[in-house]
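The values are calculated or read from the model by the stated rules, or taken from the named source; none is laboratory data. Everything quoted here is computed from the prediction, not taken from an experiment. Cβ: placed from backbone, ideal geometry, glycine included. Neighbour counts: every protein chain shown.
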Amino acid sequence: MEGTDKIISRYEKQAQAYWDFMTQKEREEHAWLAGIIDGEGCISISHYWHKIKQYDKYDLKLLISMTHKATIQRVKSIAGVGVIYPIPPSGKKKRMQYRWVAYGHQAASVLRLCLPFMTTKKEEAILALEFSEQAKIYGYTRKGKPKSDIKYKRFEAIRDVLHSSKQETELG
């Protein structure tokens with residue numbers, strides 16, 4: 001992507017500004033959370049078309065799933081946002097799973113604070129933050145036919161890049 005270095009630099013500078021006002025304990029907690037996101041997290045952008053109401057909706061989503069309930073509760077405590085859902089065992093899964101999910105600007109705020117310590121999902125986090133900035137300008141929803149508006153093509157492009165990077169991770 002052209003200009004990626006400038007985008008990374010901008011988001012890292014923003015993250016540094018947040019970090020300057022955090023306590024050492026808060027920094028350590030967000031560094032821990034960044035590691036959990038890198039290892040167990042999923043950053044995605046979903047696109048829905050509501051046929052009856054005739055609108056598009058784009059959602060930034062950050063989620064972490066695991067069987068250790070105390071870890072998921074700590075994630076929510078550090079993030080300060082999001083919801084925890086229990087997922088009952090099914091099929092081959094014999095244990096209860098717990099999923100923490102944050103959407104939209106809440107997900108972006110968590111990514112922004114964790115960005116300096118992210119490694120494997122840093123590029124995905126930067127794309128998610130770029131999506132969040134675009135969504136502030138254009139909104140997460142719009143009326144009209146899908147893909148009819150040029151400004152929303154950037155949403156689609158970011159979503160496609162995130163989706164392709166997940167496929168590469170699964171194959172590699």
Residue in region 45-79 that is surrounded by the fewest Cβ atoms within 10 Å (Cβ to Cβ), counting only those that are of a type outside the set (Lys, Arg) and in a loop (DSSP other than H, G, I, E, B):
ILE52
When the residues of region 86-109 are filtered to those that are exposed (fewer than 13 other Cβ atoms within 10 Å of the Cβ) and touching a residue at least 12 places away in the same chain (Cβ under 8 Å), which remaining residue is nearest to MET22 (Cα to Cα)?
PRO86
So which residues in region 118-148 are part of a loop (DSSP other than H, G, I, E, B) and modelled with pLDDT of 90 or more, if there are any at all?
MET118, THR119, THR120, LYS121
